[in-house]
Amino acid sequence: MWRLFCVTLPLMLAGAAQAQELTLFAGGLEESGTRQRTSAWAFEYQHPLGENLAASFSWLNEGHVPGHHRDGQGIQVWGRSNLLDRRLSLAAGIGPYRYFDTTPSSASNGYANVHGWGTIGSLAATYYSESRWLYQMRFNRIVTPNSIDTSAAKRQGGVRGRSGTTSRNNEVSRTTVSPSASVSLPAATSQPT
């Protein structure tokens, strides 16, 4: 798991200078069966594939629901609509989710690392202010056939890349970070084809 993260992170950061989004966010999570709640955080890289289409890679830490300490990676395809002269973006994403769940076990070490696949679906609303600040609300739903199902609501604030918004015919360049971080990656706009 750590090796995958170490290989993937530099690739994501290398592309972050070209009109993509890099996001770190946190919020609450609820396990569907027991209604147990915990905190959760995630890191996401999103790459635009056109005006209304994007793809993303996410690393999610689903917190510590009793009996489950689950992390995973999701790859999603996003459909999005830009409203209010690109100030508001509404998006929906779906894709596969690969998880690693540490659960109690009767084995000698007392735990088992369970791996499996599921589906992640997300809804997001992002508001881009006139300055570089942006605000996002996101809902994630993860469904797995052999583990817990979870729902998570997350909020974030962030900053946009230096290029800001461009004309309606150009892709908007946005780079996002947690408001508590002091990182701002440069971004360039893509040219229409």
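What follows draws every value from the coordinates through simple rules; no lab data is involved. Just so it is clear, the structure is predicted and the values come from calculations on it, not from any experiment. Cβ placement follows ideal geometry from the backbone for every residue including glycine, while neighbour counts extend to all protein chains displayed.
Summary table
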| read-out | value |
| --- | --- |
| Cβ-derived FRET efficiency at R0 30 Å, S106 paired with H64, nearest 0.05 | 0.90 |
| Nitroxide proxy distance, nm - points 7 Å out along Cα→Cβ at A125 and R155 | 1.3 nm |
| Contour excess over end-to-end distance, with Cα ends at E51 and V77 and 0.36 nm allotted per residue | 8.0 nm |
| Net charge over other residues, Cβ less than 9 angstrom from the Cβ of S122 (K, R count +1; D, E count -1) | +2 |
| Per DSSP, loop GluC sites (Glu not before Pro) in the range 41-97 with at most 12 further Cβ within 10 Å | none |
